[in-house]
Every structure is written in structure tokens, then in C-alpha cells.
Amino acid sequence: MKHLLQAAFALLLSATAAHAGTAPASMLVNPVYDLRDGRQSYLTLTNISPTQSIDVRVVWVSEAGCREYARVVRLAPGDTTVRSASLDLYGPQGAHPQGARQGWCYAYAIRQPGGVEARGTPVAFNQLVGRMLVQDALTLHDYEVAPWAFTSPMAAHAETDVDGDQLLDLDGREYERAPDTVYIPRFLGQVGGTAASSDLVLLNLTGGREFDVTASLAVFNDDGAYFDATTSFRCWTRRGLAQYSSAFTNAFLLASNDEPTESFGVRESGWFRIDGVRAQTSQDSEANPVILAALIEGTQGVLGGSPPANATEQHSVQVQPYALGEQSNGSLLGRGLTYH
């Protein structure tokens with residue numbers, strides 16, 4: 001099976017690196033927030049400019065229909081703010097929007113907001129950095145999720161909506177292009193009913209929130225053996241890794257002619273890549289949609305044995321994704337069945 005790994009590495013080396021990444025940017029796309037039972041999520045935003053202030057529109061997007069709930073925050077030079085998803089979405093009275101207990105979030109630089117929910121005019125300002133912190137009061141663990149950061153090629157404070165479509169286009173003109181393929185460098189074999197299970201988050205940025213998306217998952221064991229899987233979702237999804245394919249389970253990996261000396265104790269491992277296949281509605285269809293991803297990995301009992309008695313020993317971590325290639329058909333956020 002080594003030849004399969006060699007072929008995969010050749011593909012990696014031949015691809016063009018995507019630019020969306022860790023540089024300070026004009027827009028940050030955070031693939032996860034979580035307010036389910038006992039959980040809280042906090043978005044940190046920082047303006048690293050030593051001389052310029054900026055207004056930032058923070059948009060929380062619910063799992064149900066990808067509905068948006070927006071706020072505007074002003075950041076002075078060198079300023080940092082922490083936004084509570086619970087307060088932004090529910091308010092101090094705790095009124096819960098329908099279907100907003102989890103989802104994703106994006107934040108982008110604007111000019112001349114007309115209030116805390118105003119859209120404002122998107123502008124270039126490659127001085128924003130941030131992180132999402134998720135805390136779980138039930139298991140007493142937390143984890144951070146890094147955003148996908150998109151710079152703008154335009155001059156600072158220039159309006160980015162070049163084509164006037166009221167979308168944030170990842171086309172290389174308004175904001176840098178989106179990645180073509182996402183790589184997750186490690187996953188651990190999934191064992192049902194354990195606290196070490198992992199969740200895979202997928203987010204579609206092509207077409208609009210009503211588009212049904214098909215994505216391809218190419219799964220490799222620790223000896224380079226390759227297994228195909230596909231999945232479908234609308235706008236955003238978060239599922240247990242084993243729900244996408246049995247190829248992610250520990251039992252499957254053990255039976256897959258793997259390398260026995262390369263396991264994590266009793267847990268097998270592998271890696272996978274994610275690529276959009278098609279986004280479509282009854283009225284429109286687009287090939288190769290933009291898919292962003294995050295893998296949230298539970299680490300309790302990773303090396304086998306009994307779970308720890310102390311709940312504080314439970315942890316989750318984000319497995320940092322990598323990306324290759326570019327594509328220009330991503331936007332935030334199409335509202336209807338089509339925006340062509």
C-alpha cells in the first residue's frame with residue numbers, strides 16, 4: 001500500500017497552496033460555535049493595527065436553515081473584544097432563537113454601521129485575528145477552534161463589494177480565493193460510546209443556504225490504504241466521525257491491513273481529505289463547491305484502558321486542517337435558492 005501514499009504525496013506537492021490561513025485578515029470564518037447542554041462559546045476578536053480603528057460585523061449562523069444573527073463591535077487600535085455567543089444570540093433575558101444552539105460564525109470589517117444589527121459597508125482591513133473558545137460545564141473541558149482567515153487584495157478601508165451583489169465573494173478580487181481541498185492530518189479510530197469520539201464539521205460556501213451539497217471524503221489508514229466515502233448536507237453540519245463512514249472506526253482500521261507499529265496504544269489512526277463534488281437546488285447546480293471543515297477530537301482514553309475517574313481529565317482538541325488549491329466560487333452568504 002506504500003505506492004498509494006506516494007501517489008498522494010505527489011498530488012500534494014503538485015497542487016497550488018491555498019492562501020486562506022493564519023495571516024491577519026479582513027474576514028474570519030469560524031466553523032463552530034456550541035451552546036448545547038452546558039456549553040458556552042466565546043469569540044475573541046483583535047485589531048492588531050497600532051493606529052487605525054475598525055468596525056466589525058459579527059454574524060452568528062444557526063444550524064437550522066443557516067439563519068443569521070448579527071452584531072457590530074468597534075475595535076480601537078490594538079483593541080481586543082470577547083463576544084459571548086449566548087449573549088449575542090439570546091440576550092441578557094435568555095430568549096432562545098429557534099435552532100440556534102449550535103452553528104458557525106463569521107466576522108468582517110465594515111464602515112458606517114447604523115446600529116448593533118446594521119450590515120454596514122464591507123471594507124478591506126487585513127488587521128483582524130481571532131479564535132473561538134468552547135467550554136463544557138458538564139465534562140469540565142474546553143477547546144479552541146482556529147478560524148479560516150481571508151485577506152482582501154484591496155487597499156485598506158476600500159469597499160470590497162466590487163460587483164455590487166451584496167455578498168462577500170471569495171474570488172480573488174474582493175477577498176482571497178477559498179481552498180479547493182481540505183486535509184485533516186490525523187484522526188483516531190472511533191470506538192462507539194466513548195468520550196474519545198470525534199466530530200467533523202463541514203460548511204458549504206457555494207450557491208447559498210438552500211443548496212444541498214455532496215462532498216467526497218478520501219480516507220487513508222496508517223499504511224496508505226485508501227477508502228472512499230461521500231456525504232450530503234445543507235449549508236452546515238456537525239456529526240460524529242463514524243457517522244460519515246465505517247472507515248473511520250477502530251474496528252475497520254484494525255482489519256484494513258494497517259501498520260501495527262503505528263497506532264496510538266489500542267487506537268488506530270489515519271488521515272483524510274475533503275473535496276466538494278456538487279451543490280444544487282431544484283433550480284441550479286454548481287460543481288466543486290467550497291467546503292470548509294474542522295475536526296473536533298475527543299481525547300479521553302486515547303491510549304486505551306479505563307476512562308479517568310476525574311472529569312477534568314477529559315479533553316477535546318481541534319485537529320488543525322490544511323488546505324491546497326484555489327477556487328473562486330465561494331461567497332458569504334447566499335440567501336435564496338440561487339444568486340446567479
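The values are calculated or read from the model by the stated rules, or taken from the named source; none is laboratory data. Since the model is a prediction, treat every value here as computed from it, not as a measurement. Positions of Cβ are generated from backbone atoms using ideal geometry, with glycine treated the same way; all protein chains shown enter the neighbour counts.
At a glance:
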{"read-out": "Filter result for Asn329 (at pLDDT 85 or above and either in the same structural domain as His141 (by TED's automatic domain parsing) or farther than 30 Å from Ala255 by Cβ (or both))", "value": "yes"}
{"read-out": "Residue identified as modelled with pLDDT of 75 or more and buried (at least 19 other Cβ atoms within 10 Å of the Cβ) among Gln112, Gln102", "value": "Gln102"}
{"read-out": "Scan of the stretch 262-274 for residues that are modelled with pLDDT of 90 or more and either over 27 Å from Ile291 (Cβ atoms) or more than 25 Å from the chain's Cα centre (by Cα) (or both), ordered by number", "value": "none"}
{"read-out": "Hey, Thr151 farther than 26 Å from Ala247 by Cα, surrounded by 17 or more Cβ atoms within 10 Å (Cβ to Cβ) and at pLDDT below 95 or not", "value": "no"}
{"read-out": "Hits in the stretch 234-247 - residues which are in contact with a Leu (Cβ under 6 Å, 6 or more places away or on another chain) and not hydroxyl-bearing (Ser, Thr, Tyr)", "value": "Trp236, Leu241"}
{"read-out": "Single condition Glu259 does not satisfy, out of (1) under 25 Å from the mean Cα position of the chain (by Cα); (2) modelled with pLDDT under 90", "value": "(1)"}
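Condition check ((1) β-branched (Val, Ile, Thr); (2) modelled with pLDDT under 90; (3) not assigned by TED's automatic domain parsing to the domain that holds Trp104) across all residues:
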site: Leu35; (1), (2), (3): no, no, no
site: Leu43; (1), (2), (3): no, no, no
site: Thr46; (1), (2), (3): yes, no, no
site: Gln52; (1), (2), (3): no, no, no
site: Val56; (1), (2), (3): yes, no, no
site: Gly65; (1), (2), (3): no, yes, no
site: Val73; (1), (2), (3): yes, no, no
site: Gly78; (1), (2), (3): no, no, no
